[in-house]
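The values are calculated or read from the model by the stated rules, or taken from the named source; none is laboratory data. As the structure is a computational prediction, the values presented were derived from the model and not from experiment. No Cβ is skipped: glycine too gets one built from the backbone with ideal geometry, and neighbour counts run over all protein chains shown. Note: areas computed on protein heavy atoms with side chains; ligands, DNA, RNA excluded. Shrake-Rupley method; radii C 1.70, N 1.55, O 1.52, S 1.80 Å.
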Amino acid sequence: MTTVGILGGGQLARMMALAGARLGLRFSVMDTSADACAGQFAPLVVGDYRDRDALAAFASGIDIATFDFENVPAGAAQWLSERVPMFPNPRALATSQDRLAEKRLFVELGIPVPAFIAVDSRDGLDTAVAELGTPCILKTRRLGYDGKGQFRIRDAADADAAWAALGGQAAAGGLILEAFVPFERELSVVAVRSRDGEFRAWPLTENWHVDGVLSASLAPADVEPALAGRAEAHARALAEALDYVGVFALELFCRDGGLLADELAPRVHNSGHWTIEGAECSQFENHLRAVLGLPLGATRPLGRSCMLNWIGGMPDPRPVLAEPGGSWHDYGKSAREGRKVGHATLRADGDAALAGALERVGAALGREAQVEPVVRRLRQAPPAAAARATLQ
Ligand code: AMP
């Protein structure tokens, strides 16, 4: 009986444990919070990741380790990796924890990125704003997620406010200024690489964010096969450069038919939740297969899927459950503003059927604004669905 240890006990660990249960796996999770929602399904070790006693207790009960979030201190990941096999490796984790290191790797691999400049002082910010022009976005290099640790600078006069908000981080982890990209679409590649280097990607996903937080995903995205091929090639290059094992997501902006890389998430990803019902093998199962050295599952889509995130509180499940292709995921968390507490996936064989289901659910739950961009995209979609990119 293999026990998989997961650092971080949120919904990603919880869905991984649910996927792994049917493979006969056992799980142990470690989290800093006693009410981490994966703890409802697996033994939970509560402790600070820097606490070597807590980490040692966690290590003693597991055969292999992985993560459900990337902000585990690099030292803790390194320490654990010297005691139990750990995937992805600590170097991949460390690179994706630092926006500057990540962007430099993208550039090294020939992956286009928005223009960026490292910032470490108030004067440096003015120089960087003058160089990149406005609008631009100041971001913390470390510990940012879901739009946190970011400040939009509309004109040079905003630099004081941006520094007041984030300048304190300059000494701690550093800052980075990025040109604002007036993108037409946001896309992500969710992909998996096995221990022996086999690479598979799910079809490209289109994502819509509200206030920096994912609101809806549609997969497969309607994009030119050549664009999908380029996105997949970028993801493969990154995975190979980092000797990555497991599932990861590469988030991309699409503008004028070109792609710009935003960030790499070294873990299963919110934009891949649709794969639970919408693909032959889900991101959660494939992550476990990769980490354990098992054959990878097929990433082929089953029809077309839309994932809707529930943020702050759970709506009434009935309108989704009444749909033939409707699935409900409640993470067992208490309601709190801005918190991801669950999601729904609607799946259908045709675009018109999926758009209809989304409209019914949106109207019944008062979520018209959330479904609207996805419905618009589906109604715009070319009738020749066969032309859609499916990567494998
Ligand atoms: P991130 O944490 O970098 O993924 O940013 C969260 C969200 O903020 C992205 O998904 C975009 O919607 C938006 N965003 C981040 N960086 C940029 C940028 N350089 N230009 C335009 N929008 C951005």
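Some values worked out for this structure:
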{"read-out": "Segment 145-168: number of residues that are open to solvent by 80 Å² or more (accessible area, probe 1.4 Å) and touching a residue at least 24 places away in the same chain (Cβ under 8 Å)", "value": "3"}
{"read-out": "Identity of the residue in segment 85-96, open to solvent by 20 Å² or more (accessible area, probe 1.4 Å) and not small (Gly, Ala, Ser), that ends up nearest to the ligand (Cβ to nearest atom)", "value": "Thr95"}
{"read-out": "Strands (runs of 3 or more DSSP E) fully within segment 208-282 counting 1 or more residues that are more than 14 Å from Cys306 (Cβ to Cβ) and of a type in the set (Lys, Arg)", "value": "246-255"}
{"read-out": "Any chance Gly61 is at pLDDT 95 or above and open to solvent by less than 40 Å² (accessible area, probe 1.4 Å)", "value": "no"}
{"read-out": "Within segment 238-295, considering residues that are of a type in the set (Gly, Ala, Ser) and open to solvent by 10 Å² or more (accessible area, probe 1.4 Å), the one nearest to the ligand (Cβ to nearest atom)", "value": "Gly258"}
{"read-out": "Count of segment 169-208 residues which are closer than 30 Å to Val375 by Cβ and open to solvent by 60 Å² or more (accessible area, probe 1.4 Å)", "value": "4"}
{"read-out": "When residues of segment 92-119 are limited to those that are among the hydrophobic types (A, V, I, L, M, F, W, C) and assigned to a helix (DSSP H, G or I), the one nearest to Gly149 (Cα to Cα)", "value": "Leu100"}
{"read-out": "Residue match in segment 119-139 (condition: hydroxyl-bearing (Ser, Thr, Tyr) and either in contact with a helix residue (DSSP H, G or I) (Cβ under 6 Å, 6 or more places away or on another chain) or touching a residue at least 60 places away in the same chain (Cβ under 8 Å) (or both))", "value": "no"}
{"read-out": "So Phe116, is it among the aromatic types (Phe, Trp, Tyr) and open to solvent by less than 40 Å² (accessible area, probe 1.4 Å)", "value": "no"}
{"read-out": "Residue tally, condition in contact with a helix residue (DSSP H, G or I) (Cβ under 7 Å, 6 or more places away or on another chain) and charged (D, E, K, R), over segment 227-272", "value": "2"}
{"read-out": "Leading residue by the ranking (nearest to the ligand (Cβ to nearest atom)) among those in segment 124-143 that are crowded, with 21+ Cβ neighbours inside 10 Å and not in a strand (DSSP E or B)", "value": "Arg141"}
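The rows are residues; the columns are (1) within 15 Å of the ligand (Cβ to nearest atom); (2) in contact with a helix residue (DSSP H, G or I) (Cβ under 8 Å, 6 or more places away or on another chain); (3) not in a strand (DSSP E or B).
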{"site": "Ala157", "(1), (2), (3)": "no, no, yes"}
{"site": "Ala161", "(1), (2), (3)": "no, no, yes"}
{"site": "Ala164", "(1), (2), (3)": "no, no, yes"}
{"site": "Ala171", "(1), (2), (3)": "no, no, yes"}
{"site": "Leu177", "(1), (2), (3)": "yes, yes, no"}
{"site": "Val181", "(1), (2), (3)": "yes, no, yes"}
{"site": "Leu187", "(1), (2), (3)": "yes, yes, no"}
{"site": "Val190", "(1), (2), (3)": "yes, yes, no"}
